[in-house]
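Structure first, then comments.
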Amino acid sequence: MSIELDQYKERMNKSIDNLAGEYTTIRAGRANPHVLDKITVDYYGQPTNLQSVANISVSEARTLVIQPWEANMIKEIEKAIMVSDLGLTPNNDGKAIRLTFPELTEDRRKELVKDVKKKGEDAKVAIRNIRRDANDAVKKQQKANEISEDEQKSAEVDIQKLTDEFIKKIDQMVETKSKEIMTV
């Protein structure tokens, strides 16, 4: 049988990894350095990740401290945070920038949970698209007489099992992240 499901499983794993990455940037009331992952600063004319130009640490449960390796980067970092969609105001003491995360309101938590569910749904759509690609490949092989009809049916069952497994993982991730956000 010449049906390779590994490549589709790998693509589905990438979708899961992507979702996990998306979820690390959603803040759940506690200070988490990963909320800054998507922020880039202008470093000598080059857009550069914030982690590449500064040390980021958690000083208290709801406070991040950003210490640039070059003092002249403070203004650039401050500007990048202000234009980001974080909704946080940086406090600059000349040497470091402090970001204090306010307590999340009930409404904001609900909004974040909606966002988590939407990202989960997007990941499920990606998984289903991969399933469609795998099924199309199997049908092409059957039409080209590379595999029998029974092998095609068997492969489609395997593809569906793989899809169900990944959809279940996504549901668990959505549930875990939603609980984390709703926990006060």
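Kindly provide the set of residues from segment 75-87 that are among the charged types (D, E, K, R) and either modelled with pLDDT of 90 or more or within 19 Å of THR24 (Cβ to Cβ) (or both), ordered by number. The answer is ASP85, and nothing else.
Counting only strands (runs of 3 or more DSSP E) that sit completely within segment 16-74, those holding 1 or more residues that are within 26 Å of THR105 (Cβ to Cβ) and at pLDDT below 85 correspond to 54-60. Within the span defined as segment 10-30, every residue fails to be open to solvent by 70 Å² or more (accessible area, probe 1.4 Å) and more than 19 Å from the chain's Cα centre (by Cα).
Checked against (1) assigned to a helix (DSSP H, G or I); (2) touching a residue at least 40 places away in the same chain (Cβ under 8 Å), GLU146 passes all but condition (1).
Taking the criterion of being open to solvent by less than 50 Å² (accessible area, probe 1.4 Å) and either modelled with pLDDT of 85 or more or over 13 Å from ALA31 (Cβ atoms) (or both), the residues of segment 95-105 that qualify are ALA96, ILE97, LEU99. For segment 80-94, a residue qualifies if it is in contact (Cβ under 8 Å) with a residue 12 or more places away in the chain, open to solvent by 40 Å² or more (accessible area, probe 1.4 Å) and either assigned to a helix (DSSP H, G or I) or not polar (S, T, N, Q) (or both), and exactly one does: GLY94.
Going through segment 110-140 one residue at a time, which ones are at pLDDT 90 or above and open to solvent by less than 40 Å² (accessible area, probe 1.4 Å)? The answer is VAL113, VAL116, GLY120, ALA123, LYS124, ALA126, ILE127, ILE130, ALA134, ASN135, ALA137, VAL138.
Would segment 99-114 turn up any residue that is touching a Ser or Thr at 6+ places or on another chain (Cβ under 8 Å), more than 30 Å from VAL65 (Cβ to Cβ) and assigned to a helix (DSSP H, G or I)?
Residues of segment 99-114 that are touching a Ser or Thr at 6+ places or on another chain (Cβ under 8 Å), as a first pass: 99-101, 113.
With the extra rule that they be more than 30 Å from VAL65 (Cβ to Cβ), the set shrinks to none.
No - not one qualifying residue is present in segment 99-114.
The values are calculated or read from the model by the stated rules, or taken from the named source; none is laboratory data. Bear in mind the structure is a predicted one, so any value in this text is a computation, not a measurement. Cβ atoms come from the backbone with ideal geometry, glycine included; neighbour counts cover every protein chain shown. Heavy atoms of the whole protein, side chains included, go into the accessibility calculation; ligands, DNA and RNA do not. Shrake-Rupley method; radii C 1.70, N 1.55, O 1.52, S 1.80 Å.
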